[in-house]
Amino acid sequence: MGILVNIITSGKPEVRDQAIENICAGMTAAELLGECGELELFRKNNRNLYHKVRALFFLYVIHRYYLLFLPETGSGALVPFSVWEHILNRRFEEAIACLLEIQQLKGLNQGVSSALADAYRKLGFQTLTEQVQQSVRSTTGNNWMFRVGHPLDHPLVFRKEMVTKDEIAGTYPVIREATPVRMDLSHSCWSDIFFLGMDFPEGARVLNISVDLCISGEEETPVPPVEACLRVIDEPVIRLVSTDLESMVTITNIASLFNFAEDYLGLLKAAVIASGLVPPGMEGLNMPVSLVLDRLVGPGLGFELVSQVNNIPKGSRLAVSTTLLASLITACMRASRQTRHISGGLIEEERRLVASRAILGEWLGGSGGGWQDSGGVWPGIKIISGEKAHPGDPEFGISIGRLLPTHKILHFEDVSGETRENLQNSLVVVHGGMAQNVGPILEMVTEKYLLRSEKEWKARRTAMAIFDELAGLLKEGDIRKLGELTQRNFDGPVSTIIPAVTNAYTESLIASSKEKFGSAFWGFWMMGGMSGGGMGFIFDPKVKNEAKEWLLHTMLREKKRLEKALPFAMDPVVYDFRINEKGTTGTLMKGEEALMPLKYYTLVAPLLLKKEMTQLSPGSRKELELLGKVSRTRGMYKQLMSELFVRMVPQQFQKNERLLTLSELLDATGFSKTMHEEIKAELKAGRIGLARNRLPVSVKITDPQSEEVIRAVSSRPEVEKRAGEEALRKRELAIVTLAGGVGSRWSQGAGIVKALHPFYRFSGTHRNFLDVHLAKNRKISREYGEPVQHVFTTSYLTHSAMAQYLASTGSGEKDGLFLSPGRFVGLRLHPMERDLRFYWNEMSHQVLDQQKQKMAENLQNTLINWTRQMGEGDDYTDNEPEQCIHPVGHWFEIPNLLLNGTLQRMLRQNPNLRYLMVHNVDTLGATADPAMLGLHLASGHHMTVEVISRWMDDRGGGLARVNGLLRLVEGLALPDEEAEFNLSYYNTNTFWITVDELLRVFGLSRNDLDNPSLVTAGILEMSRSMPSYITIKEVKKRWGKGQEDIFPVTQFEKLWGDMTALPDFRTGYAEVPRRRGQQLKEIAQLDGWIKDGSAEYVNGLCSWE
Amino acid sequence: MNRMETWKIDKALITSAGPDQRTLPLQTLIDKNRKKRTVLEIQIDEILSAGIDRVGLVIHPEDEDLFRKHLQVYAGKMQFIPQNEPLGYGHAILCATEFLGGEPFLHLVGDHLFLNQTGDNVALRVIHAAQEQQCAVSGVQQTRESLIGNFGTIGAERFQAASDLFRITKVVEKPVPSFAEHHLLVPGMRTGHYLCFFGVHVFSPALLPILQKQYQEAPTARLGLSDALHELARTTKYLALESNDWRFDIGQDYGLLKAQIALSLTGPDRDFLLTELLQFFLEREKRNND
């Protein structure tokens, strides 16, 4: 048995909890491969979920962090396209089998190991997800829902009182479910992820509090933030209304209830399904929903389900969506006799059923939370802990723990009323305004738990001890110490396990709180997921009120300072809160009391009022009459008339204002209407498009011979390096950092300036990309005694923020630091349907897990309808102006240096300047290495391109012979996706360029730079010979309170790599180490980047002071 | 005295006072011997043929004359028991305390008809099981989960490896499937099937004090039977006898029609009825095609 298999199976914690790093670090390739063989055999023949998944993650780690970096691991294109397809289609076993065969035949290879790492990791997560889904389905109380496949088999019936109309008021009763949200007092290092609970139940514990909230200063008293209302209606349909999303849909067909992407009401649909009203077994039925309603409610009747979230935006870290789902499910269950009582609280068994159905609902809707997220269903303060699986549990024999945890409510004898009061008097709860996707964080947590990496495992043990201490302090009632402890938890275990959990914004808030309040600031409380959204600050009660106001002011100020650097979705808010000692509570309202929430009527009443009275159903007429009455007499309904006015008067002004701003912006940013109209016409006529980006299939694409690429990896002659050093001393080199893009993949379309994102803590401080490049420059400049000139290219999206940032550092042109503002922008277009279809159907995409994939496919149809309605190929203007325009590709960023006079100013400042090192803002390892400069000098090439050996995820083209010509080729231009898999080298987009040769190909010389018309003519001439690529990008549209929609838009770009095809611009290629050439494109890469030593490597290139 | 004699059952109780079922038992059917009879008459004949000679009928006080008129032929064997307040099923049984006299008794609901393939007496099997086991026995039937919302349903375990007897552990009135999955799974049942009351019971005298106690605790509330049966199961030996016979709830949609068809198909009119039905279908198809 292999050492690692022994670790997995050992019953002794000291063996089982060993870190894989300590074992693999000293192993040879043969030993590592031996371990892989054992693990592979073991994981295939093992039924135990934990064993299987840990083996898969061990295999991933060996390939990703060890085999890939061994000197004997070869490069070259060995991974066939079929493997890529297998992985995209989630056929991981097939991909692994194929890759292992190649490895067996050809030996160790970087491409193969990177692909194996990817496949093992994804298979690990898929295995986990499937197990969670299996457990949700087989939870007792839910089984029947998957068996009921036809309306005639529907077993539920609404309670009699629900279908009994009040004779006088003419209303059906309304069930109103009011549910508090949950706060997590312990954080416990994400121990509420399902897998941890199922594998390490004793380590899965949280202190969870149900709270009511209101926005401080805006509302009077905290109330349960989540509400669900349900009532019978006189139509055989299901009507779903979300008052906070201002959205309403009427379901008439069962199939459309299962389409979660066609509107904003996926959560309500999931609730109807997960509660069993239309059970999940009916998915796929194309039948009128009235067939179900006939049995469920009664002939000719239907029901209406309304959701309301009171002023909590997305990203609050208060589990709002799970709580809302639970609230809606509870209301549905009450109506259909699935709870003992129609009103009041729930009994424990019912709460557990609601929790399991909320998990089911999240799975159906393609989202996911933790197992503590339904905590608001329970009352007050409770400890939620993982539970071992026992015989009879569906998990028994498969995992150590159960899917569902147990909830131990802490009563007043456990935590006194005084302590509860003190906690409320000390804690300031805020929403910092950031809304981020925590999915990648949860994956990282799972991975780290499985690998038991020394530092992280120790942190988890510490967090467990902190939990015990915290629970103790809560019993003792010492809130000051509790604050110290939550701060210690955040600074220690939480930040150790996931460094990315904190950010510059949070850190600055904590630091300012300490500075301002000194010992009266007791500590920061990390609420869950990631910081920046929902957070807690614990103060001495004496200063709490002052601190509340100060925090709001400080958060707004810091948001303003950082809003281009970090993804804010809204303005920060401070909440008032109160512990809710009841948990979810239902009220049955009858007669004239049977009204929906006020916001419901502001949404629905205008539709009714627009109709003739004679067209209204008797029920609607009665309801309007009742509304008229209560709007004069009853509390909050008195606002109804004014709210209706606001809604019914068309709000045209705002729209005009927005269009005007966009057109002003276009004028200010060098937008060429003529060029835009030409591109638009070409696109509409089908002469350009995604399919047309591709080279014809007759073009021969081959992998270059290995001697065509200079091995910068292996040691080069010392003389080259010395020449490079000499050139640096003479100031012959300048660095050009391409920073015009917004990093759509990095921020998922949030529109921040990627260069300014403080993504990692180097030397104790959060640093952004710009800081890193400046620090590398600082180090080189110090080593060679002369400052290296440095240009950051910008665009309309990035310029002012970057200029402001650089100004704040006190550096400028006098220090050799330049900004080169963009001179070209494009206006985004609504995509053509054929391009969208090509994008989704012809280009490879990762198939998601079953339910998410269904969601994605449903969404595609919705988006196609959207673009048809908006006008295919027409201007995209329905968003913030800055989200409507786009940078036109990095090709323009070099000519811009000529056009905007930057190069000229640089030459004036430093006539010795002869070479440029151009690189992407996210290529953090690219540094002005004298050896590389010397290599470029010695080669005599006009341009030297840095390439790296291709790994699995390096997609987007590379170095190829195209009909015999060695050049870079864009992935977009390859005749088919398979061609890329024959290419061994990937383009890092780092170029060493000889300035005079660059000018020459543009038909210019140094002396022409002060002649703008000559420069413009040269650039336009060259631009015509460069291909334009049509691309589909995803753009976020923000609305409501932190809500975001993502739309595909069409834009075009020209890329610098195409310069390598110019016959009179001699280009050479040098293979560099991966750490130098790799780019950070997605936040999810960060963890691997830290773990594989890349972060440390970059740190070594920098001088921070 | 043998075991059978200790548990001699010579009284039967039929309840027919519920607001929805007051006159249902007077619906007329053609029985398997081609005789036109009311549902109640068919039931009483079955009871009498099981060796029972006294039948109590719990009715709404206003209905006594009507029932008396219809049941003249059984004069002397019948006792009409008025339920003066509509306080539920359990209360209806409680009204018969005096009539039952502290003895075990057969109980049927008035709006059901019970049949089997062979035409044998359905109640007799339950009576024999009760006498054999000397305890309360209720007839139960495997029921799909989609229908359990219509019946009293039991949680149970198999009794001494007998093929058709179960020890009742829990009784719940009209449960929803989620609850049933948690509490009412019976070993050996098919997935999604539960044991539901068939409508034929032999109750031990212990039931009435339980009902009485529950009634006293909340004299104005509706008194169901299921809670009392749950208590009976908790405190005494109480078995369920699984039956494959047919039960027809004539209060349900088409209940009477189904009962009529089933009755006719077990008697001499079987061929006639089948031919008539077939003829009807054929003609209907023909007309549709024309």
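The values are calculated or read from the model by the stated rules, or taken from the named source; none is laboratory data. Model, not experiment: these values are computed from the prediction. Positions of Cβ are backbone-derived with ideal geometry, glycine not excepted, and every protein chain shown enters the neighbour counts.
Of everything in the stretch A:137-166, what is in a helix (DSSP H, G or I) and either touching a residue at least 12 places away in the same chain (Cβ under 8 Å) or more than 8 Å from every other protein chain (Cβ to nearest Cβ) (or both)? Give them in sequence order. Hits for the stretch A:137-166 are A:R137, A:W144, A:M145, A:F146, A:R147, A:P151, A:L152, A:K160, A:E161, A:M162, A:V163. Only residues that are over 35 Å from the mean Cα position of the chain (by Cα) and not in a helix (DSSP H, G or I) were counted in the stretch A:13-44, giving 3. Here A:Q134 fulfils each of the conditions (1) modelled with pLDDT under 95; (2) within 14 Å of chain B (Cβ to nearest Cβ) apart from (2).
Of the residues in the stretch A:740-788, how many are in contact with a Phe, Trp or Tyr (Cβ under 6 Å, 6 or more places away or on another chain) and part of a helix (DSSP H, G or I)? The number of residues fulfilling the criteria is 4.
Looking only at the stretch B:181-196, decide whether some residue is away from chain A (no Cβ under 11 Å), farther than 16 Å from A:R147 by Cβ and assigned to a strand (DSSP E or B). Yes, the stretch B:181-196 has at least one match. One residue is enough: does the stretch A:287-303 have a residue meeting the conditions in contact (Cβ under 8 Å) with a residue 40 or more places away in the chain, under 30 Å from A:V501 (Cα atoms) and either of a type in the set (V, I, T) or part of a helix (DSSP H, G or I) (or both)? No, the stretch A:287-303 contains no residue that is in contact (Cβ under 8 Å) with a residue 40 or more places away in the chain, under 30 Å from A:V501 (Cα atoms) and either of a type in the set (V, I, T) or part of a helix (DSSP H, G or I) (or both). For A:T702, the conditions (1) over 30 Å from A:M932 (Cβ atoms); (2) among the hydroxyl-bearing types (S, T, Y); (3) assigned by TED's automatic domain parsing to the domain that holds A:P821 all hold with the exception of (1). The single residue among A:V206, A:V163, A:V174, A:V148 that is under 20 Å from A:D373 (Cα atoms) and among the β-branched types (V, I, T) turns out to be A:V206.
Answer with yes or no whether A:T127 is away from chain B (no Cβ under 14 Å) and either in a loop (DSSP other than H, G, I, E, B) or within 30 Å of A:E977 (Cβ to Cβ) (or both). Outline the logic, then answer.
Values: away from chain B (no Cβ under 14 Å): yes; either in a loop (DSSP other than H, G, I, E, B) or within 30 Å of A:E977 (Cβ to Cβ) (or both): yes.
Judged against the criteria, A:T127 is a match.
Summed over the stretch A:709-734, the residues that are surrounded by fewer than 18 Cβ atoms within 10 Å (Cβ to Cβ) and either in contact with a strand residue (DSSP E or B) (Cβ under 6 Å, 6 or more places away or on another chain) or in a loop (DSSP other than H, G, I, E, B) (or both) give a count of 6. Let me spell it out: the conditions are (1) surrounded by 17 or more Cβ atoms within 10 Å (Cβ to Cβ); (2) within 27 Å of B:E145 (Cβ to Cβ); (3) away from every other protein chain (no Cβ under 14 Å), and A:W378 meets all of them except one. Which number is the exception? Tallying (1) surrounded by 17 or more Cβ atoms within 10 Å (Cβ to Cβ); (2) within 27 Å of B:E145 (Cβ to Cβ); (3) away from every other protein chain (no Cβ under 14 Å), A:W378 fails exactly one: (2).
Within the stretch A:335-388, being touching a residue at least 24 places away in the same chain (Cβ under 8 Å), in a loop (DSSP other than H, G, I, E, B) and hydrophobic (A, V, I, L, M, F, W, C) holds for A:I342, A:L346, A:W371, A:W378. Scanning the stretch B:60-108 for residues that are over 22 Å from B:D227 (Cα atoms) and aliphatic (A, V, I, L, M) yields B:L66, B:L71, B:V73, B:A75, B:M78, B:I81. Contact map, the stretch A:731-747: first residue modelled with pLDDT under 85, second residue part of a strand (DSSP E or B) and not β-branched (V, I, T), Cβ cut-off under 6 Å, separation 6 or more or different chains; pairs are A:S744/A:K1033. Among the residues of the stretch B:193-211, is there at least one that is in contact (Cβ under 8 Å) with a residue 24 or more places away in the chain and at positive phi? For the stretch B:193-211, residues in contact (Cβ under 8 Å) with a residue 24 or more places away in the chain and at positive phi: present. Pick from the stretch B:130-178 the residues that are among the polar types (S, T, N, Q) and within 14 Å of chain A (Cβ to nearest Cβ): which of them is surrounded by the most Cβ atoms within 10 Å (Cβ to Cβ)? Step by step, filter the stretch B:130-178, then rank; the result is B:S178. Residue count for the stretch A:825-874, restricted to those that are over 18 Å from A:E977 (Cβ atoms) and aromatic (F, W, Y): 1. Please give the number of the condition A:A435 fails out of (1) in contact with a helix residue (DSSP H, G or I) (Cβ under 8 Å, 6 or more places away or on another chain); (2) within 29 Å of A:T554 (Cα to Cα); (3) of a type in the set (G, A, S). Failed condition: (1). Taken over the stretch A:563-598, the residue count meeting the criterion of being surrounded by fewer than 21 Cβ atoms within 10 Å (Cβ to Cβ) and more than 30 Å from A:G380 (Cβ to Cβ) is 4. Here the condition is being more than 30 Å from the chain's Cα centre (by Cα) and outside the structural domain of A:G439 (by TED's automatic domain parsing); of A:A755, A:A734, it holds for A:A734 alone.
Restricting the search to the stretch A:79-90, which residues are closer than 12 Å to A:Q846 by Cβ and part of a loop (DSSP other than H, G, I, E, B)?
A:N89, A:R90
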